[in-house]
1. List the aspartates and glutamates whose Cα lies under 19 Å from the Cα of LYS83, skipping any in the same chain that are fewer than 8 positions away.
2. Helix 350-364 against the longest principal axis of the chain: what's the angle in degrees, Cα atoms only, rounded to the nearest 10?
3. Measuring from the lowest to the highest alpha carbon on each principal axis, how far does the range 255-327 reach, largest first, in angstroms?
4. Which aspartates and glutamates, if any, have their Cα less than 16 Å from the Cα of LYS180, not counting same-chain residues under 8 positions apart?
5. Within the accessible area of the chain, what % is carbon and sulfur when the probe is 1.4 Å and the other protein chains stay in place?
6. Using every pair of alpha-carbon atoms in the range 196-255, split the distances into 5 Å bins beginning at 0 and state the percent of pairs per bin, rounded to integers.
7. Does the range 129-241 come out rounded, prolate or oblate by the C-alpha gyration tensor, with a ≥ b ≥ c the root eigenvalues, rounded set by a/c under 1.5 and, if not, prolate when a/b is larger than b/c and oblate if not?
8. Per residue of the range 268-275, in order, report the coupling 6.51 cos²θ - 1.76 cosθ + 1.60 (Karplus, θ = phi - 60°) as ³J(HN,Hα) in whole Hz, putting x for Gly and Pro.
Amino acid sequence: MAGQNDFASQALFKLTQDQTLIQLQFTDATSAQADALRTRLRQFDGTVTRKGTTVSGLLAYEATKQLSDNWLTWFPGEQEADKQLTNVLASYELGWQANDFRFELREKPMIYAIMNITPDSFYDGGRYQTKEAVSAHIAEMVEAGADLIEVNGQTTRPGYTEVTPEVEIERTIPYIKQIKLLYPDMAVGIDTYKLPVMKAAIDAGVDVINDVNSFMDDPEKLPYLAKQRVGLLTMLNGRGNDFTNLSEEMHTFFEDNIKAITDAGVAFDRIALDQGIGYSKLPDSKQDFVMMRNVDQFNDLNRPMMVAVSRKGFYKQLLGLEKDDRLPMTLITETEMMLKGGRIIRVHDVEETRQMITFLDEIEKGYWLA
């Protein structure tokens with residue numbers, strides 16, 4: 001379809017990319033097999049056609065997975081087709097490698113928990129300033145089901161005050177070490193754009209570096225990081241950009257950024273993306289709403305996309321909600337973005353997010369296969 005120039009082929013190709021749909025074609029089926037295939041594919045709410053001994057279907061990823069899981073039960077003896085289905089699904093894997101952690105995100109998003117150790121963070125600044133308070137909050141997030149805890153030593157909210165690398169290191173490194181000591185099976189990230197802080201964090205055992213400057217503001221970053229094994233979360237910082245065609249220019253940015261990072265020697269599966277919601281040059285959040293809607297425009301890049309909308313200021317601008325009243329709308333926004341392909345959910349509220357993901361996962365798996 002990608003090589004065809006007619007409108008129908010191009011439209012279908014874009015639809016399959018945006019919605020992660022999988023086109024399957026089964027050939028040389030017996031009449032009974034073709035009838036059974038048609039019935040099964042329709043149970044998955046797929047688009048199905050049959051022409052002689054050939055059956056074609058268009059299915060969602062989860063439907064294809066369940067078809068593969070049940071294949072030999074429904075079509076005993078068809079091991080070759082079973083193997084081919086397995087290979088098709090493998091080609092759609094969406095893995096994020098971070099040191100020894102590998103997050104498989106095609107089937108279920110991960111919870112990326114925020115641990116702010118700053119006096120001026122937009123939501124919880126100053127809330128966790130003592131060792132006891134930080135330790136208790138970390139324990140809560142682990143118990144609630146966080147997949148990763150990110151330590152932040154400097155806010156990058158609009159109008160933020162920059163601190164020195166030394167101050168940021170003093171704020172963050174002890175807690176990275178503490179989490180690694182107490183919870184060795186927990187992945188740890190750090191939100192920093194400063195190379196000295198990155199180096200100190202990696203020495204302390206951090207697994208993910210989250211850079212609001214997309215690793216491009218210091219020519220020493222990528223050569224250094226190429227020699228490491230940490231995962232990289234690269235963000236589009238829109239504060240210096242005047243966009244005309246927002247989705248198209250964002251896509252071009254990520255294409256170029258991924259190329260620059262991989263050309264430096266960083267493995268493709270170490271990279272994840274962040275649109276930069278909240279980092280618009282405009283103060284009215286209009287670009288943020290576009291980014292919440294257009295997540296599916298980047299699914300073709302085959303890299304996990306972050307959803308970072310937890311309790312942000314646009315809930316106040318649009319709905320008048322104060323910080324402590326923004327959780328319901330945060331969960332609704334996260335759900336919308338997850339359904340379009342967002343896979344890394346950056347949150348303050350781990351327990352409620354885990355509940356939302358669990359319930360949504362059950363709905364997404366909801367096919368009746370009687």
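The values are calculated or read from the model by the stated rules, or taken from the named source; none is laboratory data. Everything numeric here is computed off the predicted structure, so don't read it as measured data. Here the Cβ positions follow ideal geometry from the backbone for every residue, glycine too, while neighbour counts run over all protein chains shown. Keep in mind that these areas ignore ligands, DNA and RNA; they rest on the heavy atoms of the full protein, side chains included. Shrake-Rupley method; radii C 1.70, N 1.55, O 1.52, S 1.80 Å.
1. By straight Cα distance, LYS83 reaches ASP28, GLU62, ASP69, GLU93.
2. 10
3. Principal-axis extents of the range 255-327 (Cα, largest first): 46, 22, 20 Å.
4. In chain and number order, the partners are ASP100, GLU140, GLU143, ASP147, GLU150, ASP203, ASP207.
5. C and S atoms contribute 51 percent here.
6. That works out to 4, 15, 26, 21, 13, 11, 7, 2, 0, in percent per bin.
7. prolate
8. Values per residue, Gly and Pro as x: 4, 7, 8, 9, 10, 10, 9, 4 Hz.
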